[in-house]
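Data first, discussion second: the structure below is written as structure tokens.
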Amino acid sequence: MIRFIGLNGLIILHTILFCLWAALLTLFGCPSRCIHFYVAKPWARVILWLSRVKVCARGCEHVDDRIPRIYMTNHQSYFDILALLAYLPVDFKFLMKQELMRIPLFGFAMKRAGYIGIERNDPRKAVKSMQHAAERIRNGASVLIFPEGTRSVDGRLQEFKRGGFKLALKSGCDIIPVVIKGSRHIMPKGSFTIRRGRFTLSVGEPIRVGDYTGKDIKALMARVREEMLKGLEDTSEC
């Protein structure tokens, strides 16, 4: 109980300080790329360190910060977000639910980092958000999507939503599958208890979207799913 209260208190205080740091950088006209690398990334690394959580990252050689791509990853825990920010060596923009963007200070920092909120309960606004994301990609930004839409309770891969794949086809941007394995044991869905431990983050090879058309969206979804399942079944040590 003491660790739970102390650790969560430290994380909240740390988050407030970094949100204020983002606000200060914004006053000096720092671009979203600056907020990502000098606010979001160190924020995530410190929380992982405070929580005594280690992440084994592999496959980062498949990342090229010069090429806009859509990164798709499975989702097991809130700690997935921290691992992606800390270890994915690219300035990416989260495609995330709009509710998170409304959190005081935290939402402001995410907006300044260029992350894109999706109104999941309003189809019209969701379409506008996807159009905005496509525009960001055409301007050279990479986007990160959780195709399952929410966290998995048992760690198994859930059904994919079509939105991210429609975005990929519309933008013509290659997809890079990212597999996170073991994070649900650190902080399971529905719990705020943080356990010490380690998990892996594996970056796969790019999947060429140009080989698919709108009629092939199911085949594209199946291909990405197949690559993620391979990563989840991989038993090799990091």
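The values are calculated or read from the model by the stated rules, or taken from the named source; none is laboratory data. Everything quoted here is computed from the prediction, not taken from an experiment. Cβ coordinates were reconstructed from backbone atoms using ideal geometry, including for glycine residues, and neighbour counts include every protein chain displayed.
Listing for the model above:
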| quantity | calculated |
| --- | --- |
| Residue match in region 189-205 (condition: at pLDDT 90 or above, surrounded by 18 or more Cβ atoms within 10 Å (Cβ to Cβ) and in a loop (DSSP other than H, G, I, E, B)) | yes |
| Counted residues, region 89-132 - those being farther than 21 Å from Cys19 by Cβ and at pLDDT below 80 | 15 |
| Where a residue in region 140-153 is in contact (Cβ under 8 Å) with a residue 40 or more places away in the chain and its partner, wherever it lies, is small (Gly, Ala, Ser) and buried (at least 21 other Cβ atoms within 10 Å of the Cβ), with Cβ under 8 Å and at least six apart | Val143/Ala133; Ile145/Gly164; Pro147/Gly164; Arg151/Ser77 |
| Evaluation of Gln76 against (1) at pLDDT 95 or above; (2) touching a Lys or Arg at 6+ places or on another chain (Cβ under 6 Å) (one fails), failing number | (1) |
| Search result, residues across region 133-160 that are under 26 Å from Ala23 (Cα atoms) and in contact with a strand residue (DSSP E or B) (Cβ under 7 Å, 6 or more places away or on another chain) | Ala133, Arg136, Ile137, Ala141, Ser142, Val143, Leu144, Ile145 |
| Only listed residue being touching a Gly at 6+ places or on another chain (Cβ under 9 Å), outside any strand (DSSP E or B), within 30 Å of Leu24 (Cα to Cα) and among the hydrophobic types (A, V, I, L, M, F, W, C), chosen from Met110, Met96 | Met110 |
| Residues of region 53-69 satisfying the condition of being farther than 11 Å from Ser202 by Cα and modelled with pLDDT of 95 or more | Val53, Lys54 |
| Criterion violated by Ser236 - all others in (1) closer than 29 Å to Arg138 by Cβ; (2) free of Cβ contacts under 8 Å to residues at least 12 places away in the same chain satisfied | (1) |
| Test: residue in region 228-235 that is over 18 Å from Thr150 (Cβ atoms) and surrounded by 20 or more Cβ atoms within 10 Å (Cβ to Cβ) | yes |
| Of all residues making up region 206-229, the number that are charged (D, E, K, R) and either assigned to a loop (DSSP other than H, G, I, E, B) or in contact (Cβ under 8 Å) with a residue 24 or more places away in the chain (or both) | 3 |
| Breaking point among (1) at pLDDT below 90; (2) closer than 24 Å to Arg184 by Cβ; (3) touching a Gly at 6+ places or on another chain (Cβ under 8 Å); (4) of a type in the set (A, V, I, L, M), for Ile5 | (3) |
| Top-ranked residue of region 140-153 - restricted to ones that are assigned to a loop (DSSP other than H, G, I, E, B) and in contact with a Pro (Cβ under 8 Å, 6 or more places away or on another chain), ranked as modelled with the lowest pLDDT | Gly140 |
| Test: residue in region 144-158 that is surrounded by 16 or more Cβ atoms within 10 Å (Cβ to Cβ) and more than 30 Å from Ser51 (Cβ to Cβ) | no |
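Yes/no matrix, rows are residues, columns are (1) at positive phi; (2) surrounded by fewer than 18 Cβ atoms within 10 Å (Cβ to Cβ); (3) of a type outside the set (D, E, K, R); (4) touching a Cys at 6+ places or on another chain (Cβ under 9 Å):
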residue	(1), (2), (3), (4)
Leu105	yes, yes, yes, yes
Phe108	no, yes, yes, yes
Arg124	no, yes, no, no
Ala133	no, no, yes, no
